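I have placed the structure first, in the form of structure tokens, so that the comments after it can refer back to it.
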Amino acid sequence: MKRTLPLVVVFMIGMIVILSEFIPHRPFSKINETLENWFMIISGFAMLLGQISLIQVNTSKIRNRDENWQYNLAGMISFVLMLFVGFMWGMEKAPGLAGHGESLQAVLGMKPFDYLFEYVYTNLSATMFSLLAFFIASAAYRAFIIRSFESNLLMITAVIVILGRSSFGAMLTGWLPESWNILHLPKLTDFIMEFPNSAAQRAIMISAALGIIGSSLRIILGIERSYLGSDK
Amino acid sequence: MKLTPLLERRIIYLVLLIAVTIPLLIPIGWKTEVSYHVRMAYDLIEKTPAGKAVIISFDYDPSTMTELHPMAMSMIEHAWKKDQIIIATALWPQGPQLADKAFTEMLKKFPDKKYGVDYVNLGYKVGGMVTIQAMGRSMETVYPEDNSGTLYQDIPALKKIRTLKDISWISSLSSGVPGIKEWVMAGHDMNGVSVTGGTTAISAPGFIPYINSQNQLIGLLGGLKAAAEYESLLGLVGPASNKMDSQSIAHLLILVFIAIGNLKAWRKRKADREKNTLGVKNA
Amino acid sequence: MKQLILIPILASCLLSVFFAITPEFKCEDVPYDAGQALALTWKVPSDSSFVVIQKADSLGVFNEIHAAIGSSGSYTDTELSPQQEYRYRLIATTGSDSLSLDSSGKPVEQWFYLGKLSFLILLVIICAAILLYINMARRGKELFIRRISGLDSMEEAVGRATEKGKPILFVPGISDLDDIQTIAALTILSHLAAKSAEYNTDLIVPCRYSMVLSAAREVVKAAYLTAGKPDAYKEKNIFYLTDDQFGYVAGIDGIMVREQPAANFFLGSFYAESLILAETGFSTGAIQTSGTAQAHQLPFFVVSCDYTLIGEELFAASAYLSKDPQQLGSLKGHDFGKLLIILLILIGIVMEIAGQHWFKGWFSGEVF
Amino acid sequence: MPEIMNVVGLYLGAFFTFCIFSFLYRDNPFYKFGEHVFVGLSAAYWLVYIFYKTLMPNLFTKLITDFSGNLILLIPAALGIMMLMRIHPKTTWISRYPLALVIGTSAGISILRYMQSDLLQQLTATMINPVVSGDGVTTIGNFLLIIGTICGIYFFYFSKKQEGVYAVPSKIGIWFLMISFGASFGYTVMARISLLIGRLEFLLKDWLHLIN
């Protein structure tokens, strides 16, 4: 019972959402928008669950003096600090519990929350993202090896596109006569991107869409229900 | 000497880091082949007489600054060199700040340029195409005052500018909608002003059809590479050139890595084969 | 003399051209929609007319919304409120002449989007096929599904983790529960959890969103219960890290280098972080299985992981793993859909070559 | 004062940049520190952000300013609170209702969205007349596009063993997939390198003022 009723809810909601797509009349035309708004609110509340999990995991490590517990402590301090300044003085134009904190703003040049965001958070995030530059190089070194016909295709197109997108591509093939235009590396890159690449992307998109439609249908019909856990 | 995979990876990371850093510190000034579309844009600005008013529209936000900001700087430099009067507008809300930033940096090179005489920042206006159409009837009704609140009629640079038709060229630096397309349709098609522009490498192919016999769009700068080409036409090594040098070196380096990887794999295969044939003989 | 006769004829021709077209400005509701659009059409006498369309705002002041050149044209005003009266004015200027016409209309909400008929029919056919196959499977019909190589490795990966006494890491993507890829990943997680319960291997599941965390805990707990080892379930191994994309990745990277899992699973929706995860995982020497329907991230998984589930294989995985007839039936339904799409593409191409554009137009909702 | 704090901020930024970069060498105390600060800070950031940018405008402000006009918002608020019932094992079952609502909505919307944008739009985009007179290159490209799409879809056909004749289209499909993977990889290199350039620019320009 504890599982059947929620499954009925899933079915009803799913069907309403699908039907409302084809009915332009109110209230149906507004249903999807409303439900998406609700989703945001529910997940907003649910965020607390994650935070509780985070606090539990970290405090237990700190309490048990697990290996590396000092770092967990540093993490917890930054968590509490960010939360405190955020709710105390707000962010951007939104005031917090203690207003806008003008005196702090005079010192920092901005709200403390925004200060931490601007100088610590964005730098951490951008640096983590930029590790990709290194990883793309090491992945290319290791994986683009002549082996089978398929892996050769992968490697050759990658090399053509890498060349075609740099200054050298144009130089290398600049001497080709006009009639051989298509072999001009930048042109060839555009051709590959526009035709064979789009074809494969389309195939992936179409078949994945069928997979998604099927999975969604199974969920609505209650065939796929593992996310609800067991009855016991 | 045998390198462990871990050591190999570290070498790759280090070499890449050095290779990308050096051109930023010591500009190489690699000559890039200037593409036709960049030269078209350059010629448009080059051939406009001194004293004419032009518009640079800042239709982008900080997320695409790496690519578009160097273009803005080059175009300001070029127009100022030619003593043209720059009017900055923006169809994107964060555009005016970026315009200010670009002007402040360029003023270091051109200390005698004066606000209100040689350049003016009119700020952001919502509405895209409709706004541009309205500028075709009267600039002053759209922009009663500039970004800092000075009245239109009090700005000396705008004395002779009544409508968009008094502008010599428009350059839209755009990373999306509204942007180049709107300027082409309302600025060129309805008011007959020459329009050029710059965009990100990813969006560039979508605008190329406008470069046609009707001259809807006169040239186009697509991405960092085009920005570097423009700098080389101006005869300077600017931010885009340095970054493009880094880019090109990194691309080349990755190709070298691929080649070394293949060489290594080939030698290993050869060694394996020899071992195998040896094994057969012994048996 | 001849010329004298010609003059009146010519004049009458000109006049007829001029008067045959009475200026017209119509405002009509766009049919079969949510009542948010009005279609404006006009005809004016001269080809060189400059036409400006204005719309009255709440104070009755007319503002320009569209401009065009030519003797006729159309414009659709959208984002309107249903059942409300809107007034428009057309001003056409030809040389020094000008002409002004007014028109008004009310957008109406209908009960069916006719433009989505093709969408509905195709959806019904595909869903019906899936249901039909599920029904066939329930009645015990044998259904064949070919091997999916990425999945056969799962047992091997779990086995190796057990041998080494190291945990398994499962990353359910970086999307929330509103992405079906995440739910597909959780279904696979359920099978993996059953295996890890069987082999007594630890399973680590870091989550980016709280709701994914909740669902993942349910899934793993249920799997341990079914395997008869409820005590082996460790809730603290399924935890939340942060909602932040790169913060989440930084945390997972830390787990990979410190816990040294013997097998990594990256299944679900991934974006730019795919390569950061896969390369770090590779450097720790783990067996890696990945799967996503994000076409742009597949290359990075393909080059850095041992096995990759490409696109639809991710959704087929749960059916393949469970061998549940209902799931297999649904997979057959997808396959029917694929054949149908291939057929429609071929017919569409033939129709286009034959110049019959209505077929394509019907599917794109432009012709009905 | 703000100027000094600006400099302090830049030093903080540079320190954390190095913390993360140090991971490329190996896991080390600096990375561990950076990572934990990142996780803690960002978790709090998103909580505060969602509160001010989603919950306040979409729920609390509306309820406070016009309670009777927004009664319907009490439903998601109640569902949100039901979601929190997971905290206690005895009341966990209550949270299945909001979960069911969320998943039902996702499933319904996914069917529609993917049907529309990935299936129908890609389907009609492939219905083309491949022959473009006077443009051989585009014609060849169009043929490749059609063959690649069809063979690619067939690659995902699970109901048949891919042997003999049936293996041919799926083999061609794999070739297209491989070409596409190589192309996407190569195309991304530029964007990834520019991320690193952006970081180096921060270090060399904003922090050290070595370049201008």
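Observations, loosely collected:
- 0 to 90° range, to nearest 10: angle between helix B:95-107 axis and chain B longest Cα axis: 80 degrees
- Within region C:102-161, the chymotrypsin sites (Phe, Trp or Tyr not before Pro) that combine a DSSP coil assignment with at most 15 other C-beta atoms in a 10 angstrom radius are C:Trp111, C:Phe112, C:Phe144.
- The calculated Kirkwood hydrodynamic radius for region B:1-118 is 17.3 Å, given to one decimal from all distinct C-alpha pairs.
- Exposed GluC sites (Glu not before Pro) absent - longest run of chain C, DSSP non-H/G/I/E/B, at most 13 other C-beta within 10 Å: C:143-365
- Model label zone, C:Glu28; criterion: amide N under 15 Å from point 7 Å along Cα-to-beta-carbon; scope region C:59-81: C:73-77
- From the C-alpha gyration tensor of region C:21-105, square roots of 5λ in Å: 23, 14, 10
- The A-D contact accounts for roughly 10700 square angstrom of buried accessible surface, both chains included, probe 1.4 angstrom.
- Diffusion of region A:1-109 by Stokes-Einstein, at 4 °C in a medium of 1.567 mPa s and with Rh set to the Kirkwood radius over alpha-carbon pairs, works out to 70 µm²/s.
- The aspartates and glutamates within cross-link reach of B:Lys81, meaning a Cα-to-Cα straight distance under 13 Å and a gap of 8 or more places when in the same chain, are B:Glu46, B:Asp112, B:Asp118.
- Based on the reciprocal of the average 1/r between different C-alpha atoms, the Kirkwood radius for region C:241-368 equals 17.6 Å.
- Interface burial for C against A (accessible surface, 1.4 Å probe, total of both chains, Å², rounded to 100): 5600 Å²
- Scattering curve values for chain D, log₁₀ I(q)/I(0), Debye with Cα scatterers, q = 0.11, 0.15, 0.16 Å⁻¹: -1.08, -1.08, -1.11
- Compactness of region B:202-253 is given as radius of gyration and Dmax, 13.4, 42 Å, from Cα positions.
- Two-site FRET efficiency, C:Ala354 against D:Ile140, from Cβ-Cβ distance with R₀ of 30 Å, rounded to 0.05: 0.90
- C-alpha long axis of helix B:5-25 to longest principal axis of chain B, angle in °: 30 degrees
- Given chain A, longest segment not containing exposed loop GluC sites (Glu not before Pro) (DSSP; at most 15 other Cβ within 10 Å): A:93-232
- Element breakdown for region B:1-68 at a 1.4 angstrom probe: carbon and sulfur atoms account for 67% of the accessible area.
- Cα gyration tensor of region B:142-205 - equivalent ellipsoid semi-axes, whole Å, descending: 26, 15, 9
- Estimated translational D of chain A in µm²/s (Stokes, Kirkwood radius over Cα pairs; 37 °C; 0.692 mPa s): 132 µm²/s
- Most fluctuating residue given options B:Asp272, B:Asp61, B:Asp83, as computed from a GNM of chain B linking Cα atoms under 10 Å: B:Asp272
- For chain B, projected area of the alpha-carbon convex hull averaged over all directions, nm²: 19.9 nm²
- Rounded to the nearest 10 degrees, the angle from helix A:28-63 to the longest Cα principal axis of chain A is 80 degrees.
- Secondary structure note: in chain B, about 5% of the DSSP beta bridges are antiparallel.
- Binned Cα-Cα distance frequencies in region B:54-108 - 5 Å width, integer %: 4, 21, 35, 26, 11, 3, 0
- Region C:154-323 has equivalent-ellipsoid semi-axes of 21, 17, 16 Å, by the square roots of 5 times the alpha carbon gyration tensor eigenvalues, sorted largest first.
- Label-point separation in nm, B:Asn276 to B:Asp166, each point 7 Å along Cα→Cβ: 8.2 nm
- Each of C:Leu99 and B:Leu17 was given a label point 7 Å from its Cα along the Cα-to-Cβ line. The distance between the two points is 7.4 nm.
- Normalised convex hull volume, region C:147-193, alpha-carbon set, Å³ per residue: 82 Å³
- Taking each residue as 0.36 nm, the span from C:Lys323 to C:Gln83 lengthens on full extension beyond its C-alpha to C-alpha distance by 81.0 nm.
- If you look at the Cα atoms of region D:128-212, you get an Rg and a Dmax of 21.8, 65 Å.
- Chain D: DSSP helices with Cα axial extent of at least 30 Å and average Kyte-Doolittle hydropathy no lower than 0.5: D:29-50, D:167-201
- Percent of Cα pairs in the protein assembly as shown per distance bin of 20 Å, from zero to the largest separation: 10, 37, 40, 11, 1, 0.
- Derived scalar couplings between HN and Hα for region D:156-163 equal 8, 7, 9, 7, 10, 5, 8, 10 Hz in order, rounded to whole Hz, by the Karplus curve 6.51 cos²θ - 1.76 cosθ + 1.60 (θ = phi - 60°), x for Gly and Pro.
The values are calculated or read from the model by the stated rules, or taken from the named source; none is laboratory data. Keep in mind that this is a model prediction, so the values were computed, not measured. Ideal geometry is used to build each Cβ from the backbone, glycine not excepted, and the neighbour counts take in all protein chains shown. These area figures cover heavy atoms from the full protein model, side chains too; ligands, DNA and RNA do not enter into them. Shrake-Rupley method; radii C 1.70, N 1.55, O 1.52, S 1.80 Å.
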